Amino acid sequence: MARENLNDLLAFVTVAQERSFTRAAPKLGVTQSALSHAMNGLEERLGVRLLNRSTRSVAPTEAGERLLRIVGPQFEGIEADLAALTEMREKPAGTVRISSGDHAAGILLPALERLVPEYPDIKVEVIVDNGLTDIVAGRFDAGVRLGEAVEKDMIATRIGPEMRMAVVGSPAYLKGRGKPRVPQDLTDHSCINIHLASYGGHYAWEFEKGGQEVKVRVEGPLAFNAIDLNRKAALAGLGLAYVPEDLVLVDIAEGRLTHVLADWCPPFPGYHLYYPSRRQASPAFAVVVEALRHRG
C-alpha cells in the first residue's frame, strides 16, 4: 500500500474519532486545509463518501463507520506495540491520559507530585469532565469514578479513602428557615443543584440511614456542574449544597457553613481508577497505576 494511503487512513481515523478537523489537525501536525484536502483525496480514491461535514461538526458516514471499524483497531494495535517497546528503556516513558471529575482530580495530585520527579519521561494528562465519560470512545487510558459507579467489565483500583457527602448551608441562610431533619424536608428549602448531563439533568441527592435509602429531587434557582461552585454558592447564602464532606470541613469548623442531615450521610467507597480489562498496559501506565494506588 502506498505511503500516501497509510497517511490518509491515519488522518481519517483521527478525524473520525475526534469528530473535528480542528482537533485532529494539531494531533497530526498538519493544517486544517491540508487535512481536508487529504480526506477529499481519500474519498476520491475509494469512490465513497466517508465523512459528513457541516460548519459545526464532522461525523462518519455509514461507509466511514465501517472503515473506522476495520482500520481503527489496527492503528491502536501498532500504538500499543510501540508503547511496549519502552520496556527496553532504563525508565518507562510515554503519555497516560486520565478522565476525572474536578473533585477527584484533587485525589490524583499528591501522588503525581511524587511520581513526576522519579519518572520525568512519563507524561500524565488529566482531563476534567464531570460527566460519565466513555473512556474507550474518548481514547483515555483510564478514568476516575466512585467505586460503586465503575462498570463490571472494568478493572478498578482504589485510589482514595472512604468518602461522605455533606448537606451544608450558611448560618445566614438557615436563620429563620430551620434545619431539615429528614431528607424529605429539603423540598421546603432552596437547594443548589448538581447538573450532570450523564444523569439526565440534575442529580438526585442520595441518603441512607438504618438500611433505608432515600433519593430526593431538590429544587432551587441555581445548578452547577463544578462542585466547588456549589460550595461557593452555599457560602454566599444562596441555599443548601450537597458536596463531598472533605471539601467543606474547614468551612464547618470555622463556622462559615453548618452541616445538616449528617446522620443521613454514611461513608461509602471512595474514588477508583478504572480501565478496560482487555487493555495492553504499557510500562508507563503500570507505574501510574501503582503510584495512585490507595495504601490507607
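The values are calculated or read from the model by the stated rules, or taken from the named source; none is laboratory data. Quick caveat: nothing in here was measured; it's all calculated off a predicted structure. Counting neighbours? That spans all protein chains shown, and the Cβs are built from the backbone with ideal geometry, glycine included. For the accessible areas, the whole protein counts, side chains as well, though only heavy atoms, and no ligand, DNA or RNA atoms are used. Shrake-Rupley method; radii C 1.70, N 1.55, O 1.52, S 1.80 Å.
Things worth noting here:
- Criterion applied to G138, G169 was being open to solvent by less than 40 Å² (accessible area, probe 1.4 Å) and within 24 Å of F207 (Cβ to Cβ), and the one residue passing it is G169.
- V126 meets all of the listed conditions (1) in contact with a Leu (Cβ under 7 Å, 6 or more places away or on another chain); (2) modelled with pLDDT under 90 but one, namely (2).
- Checked against (1) at pLDDT 95 or above; (2) open to solvent by 10 Å² or more (accessible area, probe 1.4 Å), R295 meets all criteria but (1).
- The set of residues from the range 183-207 being more than 18 Å from S100 (Cα to Cα) and surrounded by fewer than 14 Cβ atoms within 10 Å (Cβ to Cβ) comprises Q184, T187, D188, G200, G201.
- Residue check, S282 within 30 Å of A80 (Cα to Cα), surrounded by 14 or more Cβ atoms within 10 Å (Cβ to Cβ), of a type in the set (S, T, N, Q) and in contact (Cβ under 8 Å) with a residue 12 or more places away in the chain: yes
- Search result, residues across the range 36-68 that are among the charged types (D, E, K, R) and open to solvent by less than 40 Å² (accessible area, probe 1.4 Å): E43
- The residues in the range 39-55 that are among the aliphatic types (A, V, I, L, M) and either free of Cβ contacts under 8 Å to residues at least 12 places away in the same chain or farther than 23 Å from R139 by Cα (or both) can be counted, and the count is 3.
- If you go through the range 111-162 and keep only what is in a strand (DSSP E or B) and either within 16 Å of F268 (Cα to Cα) or touching a residue at least 60 places away in the same chain (Cβ under 8 Å) (or both), you end up with I122, V124, A142, G143, V144, R145, L146, M154, I155, A156, T157, R158.
- All positions within the range 2-35 that are over 23 Å from A137 (Cα atoms) and open to solvent by less than 60 Å² (accessible area, probe 1.4 Å): A2, N5, A34
- One residue from L146, L174, L132, L112 being farther than 30 Å from A59 by Cβ and in contact with a Ser or Thr (Cβ under 8 Å, 6 or more places away or on another chain): L174
- Qualifying residue in the range 221-235 (condition: assigned by the TED database to the domain that holds I194 and on the phi > 0 side of the Ramachandran plot): no
Conditions tested, residue by residue: (1) at pLDDT 95 or above; (2) not aromatic (F, W, Y).
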residue: V168; (1), (2): yes, yes
residue: Y173; (1), (2): yes, no
residue: G178; (1), (2): no, yes
residue: D185; (1), (2): yes, yes
residue: C191; (1), (2): yes, yes
residue: Y199; (1), (2): no, no
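- Checking G176 against (1) in contact with a strand residue (DSSP E or B) (Cβ under 8 Å, 6 or more places away or on another chain); (2) more than 23 Å from E79 (Cβ to Cβ); (3) of a type outside the set (D, E); (4) part of a loop (DSSP other than H, G, I, E, B), the condition it does not meet: (1)
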